[in-house]
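To keep things clear, I will list the structure first and then write my remarks on it.
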Amino acid sequence: MFEIKKIIQQPLFKITSLNSVHILLKLIFGFITSKALALFVGANGMAYVGNFRAFLNVVENFSLLGIQNAIIKYVAEYQDDKAKLKSVLATFGLLLFVSSICISFFLIFGANYLSKQLFNHSETFGFLFYILAILFPLYVFSTFCISVVNGFQEYKNVIYIQIISSVIALVFSVFLIYYYATFGALVSLILAPVFVFLVCLFYLKNLISFSDIFAFQNFNFSVVKNLSEYVLMALVSGVFGSFVLLEIRTDIVKFTGLQIAGIYEGLQRIVSYYLLFISSIMTIYFYPKIAETNSNTKEIIFNYLKTIIPIFAVALVLIYFFRKFIIQVLFSAEFETMESLFLWQLLGDLLKAISLIFGTILIATKQTKVFIITEIISLCILYFSTNLMLHTIGINGIVMAHAFTYFMYLLVLVIYFRKELR
């Protein structure tokens, strides 16, 4: 009884419990949006949604250049030093503003070309990129704002922000999908981060002064110099990684057609819901802990492996056994062939979840060379194994390549961290 009470009183348990409520709501919201997509957009439209989501990841990561991780780290370090905190906020804020404006111009001038590339040689969705260009600065600053809140270790507020913004996004998504079908679904992807930004403003007002973000006099070039490691890591993981995933999705459309690509996107929607549990706990709790100067790496690794991974593994087993029911509830009869993809996808995601703690340590402790080498190796394995298995086995080859990639990636990381694991 004492042990149970002790566990319940731990900060990680409290945060995990609140985060689990957030994940549950996300699952419910995901069910509603996935059902709306299946009914009003279909597998073909869902393939377009997947391509556009992958493209958004590319441009977002390119504009952020890993700064979100640096924001969490430096805000956590300097939250008690007002002068240094102002310098960090101004430097990051101005950098993101300039990068987001540059991306906006790129979107405006490349709208028709991008529409052809992403939507199967169609210019129908060209106007979509003008909407994205206008809202892109808010899109980028949503990440900036939530990273600042996270840096102050306001874990509960980060989750509240995500819950509130998700509710707002759900209402708009269903409305847009119902009335505007595929175009509405694509617009809803753009609006979701904007709602995060608007909700963040309410929580940030008690933490920082907004005038500090755009204070040119506080811009510090020494802070920019310290960002080189984060930028390099972001270029490899964020930009190059997202580009590889976009290329894989494009290959799927070319080789299997829009319908099969849409079924694969449906699976990835399910994956995104349960991976949210791992990624949010990592961002909200573990990354700030690792970023602290005197953090105990070995203790953090085993804390993660003993508390988070067992829960996640049980969840994956349940998902596998109820996969047919999940497909029937979330989608339509058009998506039934998705059932054969679950085993290798879930196995790969378990390996991915285990490896995530090691990758996070490399980022937080700025082990740039090791991170870049391991990421490039894993991305090359993913791309070439996917390409090979897609053409030889078909759609099942994609999820097999996914599992194979994360097995090799985890193996390399375990060898590197062997001292910490003893």
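Each value in this text was obtained by applying a stated rule to the coordinates, not by laboratory testing. All values derive from a computational prediction rather than experimental measurement. Every residue, glycine as well, gets a Cβ built from its backbone with ideal geometry; the counts of neighbours run over all protein chains shown.
Quick notes
- Counted charge near LYS84, where neighbours are those whose Cβ lies closer than 14 Å (Asp, Glu -1; Lys, Arg +1): -1
- For the listed residue pairs LYS26/LYS366; LYS82/LYS225; LYS298/LYS366; LYS306/LYS419; LYS366/LYS419, the alpha carbons are over 24 angstrom apart in LYS26/LYS366.
- Net length available on complete extension from ILE134 to THR307 is 58.0 nm, with 0.36 nm assigned per residue and the Cα-Cα distance removed.
- Measuring between their Cα centroids, the range 337-379 and the range 138-189 lie 25 Å from each other.
- Taking the Cα centre of the range 332-379 as origin and assigning +1 to Lys and Arg Cβ atoms and -1 to Asp and Glu Cβ atoms, the resulting dipole is close to 520 debye.
- For the range 90-170, the Kirkwood estimate of hydrodynamic radius, built from reciprocal distances between every pair of different alpha carbons, is 14.5 Å.
- Membrane-span-like helices in the chain, defined here as complete DSSP H runs extending at least 30 Å along the helix axis by their C-alpha atoms with mean Kyte-Doolittle hydropathy no lower than 0.0, are 11-40, 42-64, 82-109, 126-151, 155-204, 258-281, 342-364, 368-392, 395-416; this is a sequence and geometry rule, not a statement about a membrane.
- In summary, the range 227-422 shows an alpha-carbon radius of gyration equal to 1.07 times the 2.2 N^0.38 Å reference for compact globular proteins.
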